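S.K.: After the structure tokens below, expect a handful of questions from me.
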Amino acid sequence: MHQLQAPGRAGRAMAEWAKQLAGIKGVVLDISGVLYDGGGEGGGVPIPGSIDAVGKIKASGLKLRFCTNETQATRGKFVAKLQRLGFNILVNEVTAPAPAACRILKERNLRPHLLVHDDLVPEFDQLDKANPNCVVIGDAADNFSYKNLNEAFRVLIGLENPILISLGRGRYYKETDGLKLDVGVYMKALEYACDVQAEVVGKPAKMFFQSALAEMQVEPQQAIMIGDDIVNDVGGAQQCGMRALQVRTGKYRPCDEQHPEVKADGYVNNLAEAVDIIVKQLHK
């Protein structure tokens with residue numbers, strides 16, 4: 001077991017945070033930077049203690065939902081990778097941007113021009129993509145070439161009512177070989193060039209968190225979000241009425257704890273420590 005006490009001010013802050021756990025019925029987990037760091041030959045490396053932590057949440061009776069902005073693979077392939085890494089996770093436990101975007105595109109009869117990772121394209125197979133009337137942008141990685149960005153720009157600028165749908169708006173994320181630019185950087189470029197505001201599907205959009213809560217059938221005040229991104233995970237969840245905890249893994253940086261706009265309900269070293277605190281409070 002991890003030590004739940006910490007000396008001095010940090011220990012008092014943690015004690016205060018733990019007192020707020022009364023009534024918690026559901027846990028929402030970010031994946032990248034919380035469960036594992038992506039990259040490398042095996043597709044990623046589990047963060048120490050995270051595999052057991054997921055098991056503890058499931059054994060505790062708490063409802064659990066995984067909420068990710070992952071858009072470099074279909075949800076099925078992404079979950080299969082996590083299972084190979086040792087995680088007890090199912091496809092229907094994961095809220096991800098691409099399936100949500102597909103529902104929106106169908107409802108609004110939108111035909112997307114895709115600027116996404118090659119491995120995500122199958123998520124959009126059932127949609128008409130001829131004569132596009134919107135652009136969908138995701139974490140396209142090496143597909144973010146000048147040629148591809150310019151093609152997306154030309155589609156948008158040529159529309160009478162340009163619609164840009166972004167699968168998240170993250171600035172960067174962490175893989176095993178370091179930090180990587182995320183979709184939000186390229187989203188901002190297209191917004192600026194076309195004088196349009198993107199519709200974000202994924203964290204920190206309130207609708208995305210509400211979808212995860214609906215799947216768990218819990219109210220916002222009964223749920224806690226655990227993530228490594230102070231703005232998209234913590235800030236997004238808090239705007240939805242949830243409590244939120246930041247882990248000091250993944251993209252976390254010490255300056256996050258002095259963020260000018262977002263203050264997490266608590267900070268812990270990793271998911272394992274967070275889960276130990278939550279489960280301990282459940283049994284009080």
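The values are calculated or read from the model by the stated rules, or taken from the named source; none is laboratory data. Keep in mind the model is a prediction, meaning the values are calculated, not measured. All Cβ positions, even for glycine, are placed from backbone atoms using ideal geometry, and neighbour counts span all protein chains on display. Each accessible area value is taken on the protein alone, full model and side chains, heavy atoms only, with ligands, DNA and RNA left out. Shrake-Rupley method; radii C 1.70, N 1.55, O 1.52, S 1.80 Å.
S.K.: Quick one: residue 127 ticks every box in (1) surrounded by fewer than 22 Cβ atoms within 10 Å (Cβ to Cβ); (2) within 16 Å of the chain's Cα centre (by Cα) except a single one, so which number is it?
M.R.: Single failed check for residue 127: (2).
S.K.: Filter the stretch 260-274 for residues that are in contact (Cβ under 8 Å) with a residue 40 or more places away in the chain and either of a type in the set (Lys, Arg) or part of a helix (DSSP H, G or I) (or both) and give the result.
M.R.: Hits for the stretch 260-274 are 271, 272, 273, 274.
S.K.: Could you list, in sequence order, the residues of the stretch 37-68 that are open to solvent by less than 30 Å² (accessible area, probe 1.4 Å), of a type in the set (A, V, I, L, M, F, W, C) and closer than 23 Å to residue 171 by Cβ?
M.R.: 47, 66, 67, listed by residue number.
S.K.: For residue 244, state whether it is assigned to a strand (DSSP E or B) and either of a type outside the set (Ser, Thr, Tyr) or in the same structural domain as residue 36 (by TED's automatic domain parsing) (or both). Let's see the steps before the verdict.
M.R.: Values: assigned to a strand (DSSP E or B): yes; either of a type outside the set (Ser, Thr, Tyr) or in the same structural domain as residue 36 (by TED's automatic domain parsing) (or both): yes.
Taking the combined requirement at face value, the residue satisfies it.
S.K.: Another question, then. Output the residue which, of all residues in the stretch 79-92 that are in contact (Cβ under 8 Å) with a residue 40 or more places away in the chain and not small (Gly, Ala, Ser), is surrounded by the most Cβ atoms within 10 Å (Cβ to Cβ).
M.R.: If we take residues in the stretch 79-92 being in contact (Cβ under 8 Å) with a residue 40 or more places away in the chain and not small (Gly, Ala, Ser), then 82 is surrounded by the most Cβ atoms within 10 Å (Cβ to Cβ).
S.K.: Looking at the stretch 130-144 only, could you name the residues that are under 24 Å from the mean Cα position of the chain (by Cα) and free of Cβ contacts under 8 Å to residues at least 24 places away in the same chain?
M.R.: 142
S.K.: Right, here's the next one. Of all residues in the stretch 19-36 being open to solvent by 10 Å² or more (accessible area, probe 1.4 Å) and outside any loop (DSSP other than H, G, I, E, B), which is modelled with the lowest pLDDT?
M.R.: Checking each candidate, the answer is 19.
S.K.: Any residue at all in the stretch 46-67 that's out of contact with any Asp or Glu (no Cβ under 9 Å at 6 or more places or on another chain), assigned to a helix (DSSP H, G or I) and at pLDDT below 95?
M.R.: no
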